[in-house]
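Peer 1: Before I ask anything, let me first share the structure, which is written out below as structure tokens.
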Amino acid sequence: MNPFKGLPEATLIEDPSDLEPCRRDESHLRGTLPLALVKPHGPAALRELVRRAKAEGFGLVPRGAGTGKAGGCLPTERTVVVDFSAWPGEARVSPQDLCLRAPVSVLLRDVKAAAEAHGLFYPPDPNSWESCSLGGTLATNAGGPNACKYGMTRHWVLAVEALLEDGELHTFGISSVKANAGPSLGQLLIGSEGIFGFILGATLRLTPLPRERTTLLLPVKRWEDLLDLPGRLCGAGFLPSAFEFFDPAVLAELRAHGPEEARRLPGEALAILEFDERGSTSDAFLEGLLDLLGPVAEGLRVASDVRQREGIWAVRRMTSAFLKERHPKKVSEDIVVPRSRLRDFFAGLDRLGFPAVTYGHLGDGNLHVNLLAAGETDPALLDRQLMDLFRLAIDLGGTLSGEHGIGLAKREAFLALSDPAQIQALRALKRALDPQNIFNPGKVL
Ligand SMILES: Cc1cc2nc3c(=O)[nH]c(=O)nc-3n(C[C@H](O)[C@H](O)[C@H](O)COP(=O)(O)OP(=O)(O)OC[C@H]3O[C@@H](n4cnc5c(N)ncnc54)[C@H](O)[C@@H]3O)c2cc1C
């Protein structure tokens, strides 16, 4: 019997040609053909899906907008993709409680816009913020340029609504920053990549919208000069709300083949710095910054208006897609090291000796190391290169993923390189919350 027949409150897709697109996300991987794709419109669909998954022994793979870079939403053997794009509801702001409640289907850009309409700010800003869903950002604990000042998604989540293995809807957390009645199950679900259950919505913490913002372009002749700057700035009490960079190879490629704005970017390497505290647009602030930066600030430019700022950020946001279009088989990693170890990291990368280009979130040590020639590299050699890269980051006190998560792409490395006690504890949690392994099987653990 067809296990999906008569599923309530749902759109069902079973035609193999219509299922093709959900075998992809923005990683280099491709999933197997799922049994079906279901778009739930209400809890009855999920309750019934969970019941049938347990009875028939198939897995349930949650999917948001499919912009993930770790293969987390790709179908594995005998799974159904549960696409949350039609999950009902809308974003609602409570200015008194400084919070916003939204369902997982809302795009992150609409969450941010709803907060801004009330003069409030929801900081998490993955560079995919115009296209990714709130659900995907919760399940991956997404970060972005702002993370160096504001932290990751989890730092902005007060409560999580989820449907667990019992098929019921639960809310973990309350609409207040103070809630200490035991360990937080809501926080356990943030960043869990769909392996413990379905996230259906969240209550998010907001803060007043910054009233001032200064955006700076810092071109340098020797790109190594950038590496000490995040640590020096923080040590001197300057906390950028973003500190991004392009190494010489990425900048040269953007300048030669990128859009109009990219062709005008200065320097051999380039950093984008942003400050958003009160006073950050004053002359005194800029003078203090110039004093601290010293000779490296020779070419510093202030973005003159909103248009120029948006142009700079548009280039930064399209860098990943741009490199992927030019090098379709590239592998992009997102290791992180403490900002005080950036110089050691690049010295180590040099010693490893494989060709890699880098850009990303220098301000918090989260670097997108791209192996452009991955498609032409022997797979066994590529695996060794990636493991060497991850070990380098870990040995410097960092980790193998700063924001994209583990999914399918980094599962083997995660299992091989993590503290066995951590893996054992996570597996025990998985067994307790999902004893039949129906939620996103084959991912992370
Ligand atoms: C150009 C580009 C730039 C990017 N920049 C950043 C960046 O700066 N920072 C960053 O962190 N990421 C970045 N990403 C990666 C990606 O956009 C984020 O991880 C985003 O949060 C994924 O959201 P999504 O809706 O596309 O999720 P999907 O890709 O659909 O899913 C991601 C994971 O979440 C799980 N999931 C989705 N919905 C649910 C749910 N309702 N319940 C339980 N589990 C669920 C899936 O199973 C999967 O494991 C970027 C991607 C692109 C293409």
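Residue-wise test of (1) at pLDDT 95 or above; (2) closer than 28 Å to residue 387 by Cα; (3) surrounded by 14 or more Cβ atoms within 10 Å (Cβ to Cβ); (4) not hydrophobic (A, V, I, L, M, F, W, C).
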| position | (1), (2), (3), (4) |
| --- | --- |
| 260 | no, no, no, yes |
| 296 | no, no, yes, no |
| 313 | no, no, yes, no |
| 328 | no, yes, no, yes |
| 349 | yes, yes, yes, no |
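Peer 1: For segment 126-178, what are the residues that are among the small types (Gly, Ala, Ser), surrounded by 24 or more Cβ atoms within 10 Å (Cβ to Cβ) and out of contact with any Gly (no Cβ under 6 Å at 6 or more places or on another chain)?
Peer 2: Scanning segment 126-178 gives 142, 143, 144, 147.
Peer 1: Residue check: is residue 262 under 23 Å from residue 131 (Cβ atoms), small (Gly, Ala, Ser) and outside any strand (DSSP E or B)?
Peer 2: Details: under 23 Å from residue 131 (Cβ atoms): yes; small (Gly, Ala, Ser): yes; outside any strand (DSSP E or B): yes.
For residue 262, the condition - under 23 Å from residue 131 (Cβ atoms), small (Gly, Ala, Ser) and outside any strand (DSSP E or B) - is met.
Peer 1: For segment 337-345, does any single residue satisfy the condition of being under 19 Å from residue 238 (Cα atoms), part of a loop (DSSP other than H, G, I, E, B), more than 16 Å from the ligand (Cβ to nearest atom) and of a type outside the set (Phe, Trp, Tyr)? Break it down into steps so the answer makes sense when it comes.
Peer 2: So in segment 337-345, the residues under 19 Å from residue 238 (Cα atoms) come out as 338-342.
Next, from what is left, pick out any that are part of a loop (DSSP other than H, G, I, E, B): 338.
From what's left, more than 16 Å from the ligand (Cβ to nearest atom): 338.
Pick out the ones that are also of a type outside the set (Phe, Trp, Tyr) and you get 338.
Yes, there is a match, as at least one residue in segment 337-345 is under 19 Å from residue 238 (Cα atoms), part of a loop (DSSP other than H, G, I, E, B), more than 16 Å from the ligand (Cβ to nearest atom) and of a type outside the set (Phe, Trp, Tyr).
Peer 1: Sticking with this one: Only one residue in 53, 45 is in contact with a strand residue (DSSP E or B) (Cβ under 6 Å, 6 or more places away or on another chain), in contact (Cβ under 8 Å) with a residue 60 or more places away in the chain, more than 27 Å from residue 333 (Cβ to Cβ) and in a helix (DSSP H, G or I). Which one? Don't jump to the end; show me each part of the working.
Peer 2: Working: 45 fails: in contact (Cβ under 8 Å) with a residue 60 or more places away in the chain.
After applying the criteria, what remains is 53.
Peer 1: Having 2 or more residues that are more than 19 Å from residue 190 (Cβ to Cβ) is the bar; report the strands (runs of 3 or more DSSP E) wholly within segment 77-133 that clear it. Explain how you work it out, then say what you get.
Peer 2: Numbers: elements: 79-83, 92-94, 99-103.
Where strands (runs of 3 or more DSSP E) fall fully within segment 77-133 and carry at least 2 residues being more than 19 Å from residue 190 (Cβ to Cβ), they are 79-83, 92-94.
Peer 1: What are the residues in segment 387-411 that are under 21 Å from residue 140 (Cα atoms), part of a helix (DSSP H, G or I) and touching a residue at least 24 places away in the same chain (Cβ under 8 Å), if any? Working first, answer last.
Peer 2: In the first step, residues of segment 387-411 are kept if they are under 21 Å from residue 140 (Cα atoms); the result is 390, 393-394, 398-411.
From the residues that got through so far, the ones that are part of a helix (DSSP H, G or I) too are 390, 393-394, 411.
390, 393, 411 - these are the residues of segment 387-411 that are under 21 Å from residue 140 (Cα atoms), part of a helix (DSSP H, G or I) and touching a residue at least 24 places away in the same chain (Cβ under 8 Å).
Peer 1: Could you tell me whether residue 256 is touching a helix residue (DSSP H, G or I) at 6+ places or on another chain (Cβ under 9 Å), surrounded by fewer than 17 Cβ atoms within 10 Å (Cβ to Cβ), not assigned by TED's automatic domain parsing to the domain that holds residue 129 and not in a loop (DSSP other than H, G, I, E, B)?
Peer 2: Numbers: touching a helix residue (DSSP H, G or I) at 6+ places or on another chain (Cβ under 9 Å): yes; surrounded by fewer than 17 Cβ atoms within 10 Å (Cβ to Cβ): yes; not assigned by TED's automatic domain parsing to the domain that holds residue 129: yes; not in a loop (DSSP other than H, G, I, E, B): yes.
Answer is yes for this residue.
Peer 1: What single numbered condition from (1) away from the ligand (no atom under 13 Å from the Cβ); (2) under 30 Å from residue 85 (Cα atoms) fails to hold for residue 193?
Peer 2: With respect to (1) away from the ligand (no atom under 13 Å from the Cβ); (2) under 30 Å from residue 85 (Cα atoms), residue 193 is out only on (1).
Peer 1: If you don't mind, another one. Specify the residue that is nearest to the ligand (Cβ to nearest atom); the eligible residues are those in segment 86-97 that are surrounded by fewer than 20 Cβ atoms within 10 Å (Cβ to Cβ) and more than 30 Å from residue 408 (Cβ to Cβ). Quick ask: steps written out before the conclusion?
Peer 2: Start the filter on segment 86-97 by keeping residues that are surrounded by fewer than 20 Cβ atoms within 10 Å (Cβ to Cβ), which leaves 86, 88-90, 92, 94-97.
Adding the requirement that they be more than 30 Å from residue 408 (Cβ to Cβ) leaves 90, 92, 94-97.
On the way: 90: 16, 92: 18, 94: 22, 95: 26, 96: 28, 97: 23 Å.
So, considering only residues that are surrounded by fewer than 20 Cβ atoms within 10 Å (Cβ to Cβ) and more than 30 Å from residue 408 (Cβ to Cβ), the one nearest to the ligand (Cβ to nearest atom) is 90.
The values are calculated or read from the model by the stated rules, or taken from the named source; none is laboratory data. Given the structure is predicted, the values throughout are model-derived calculations rather than measurements. All Cβ positions, glycine included, derive from the backbone under ideal geometry; neighbour counts span all protein chains shown.
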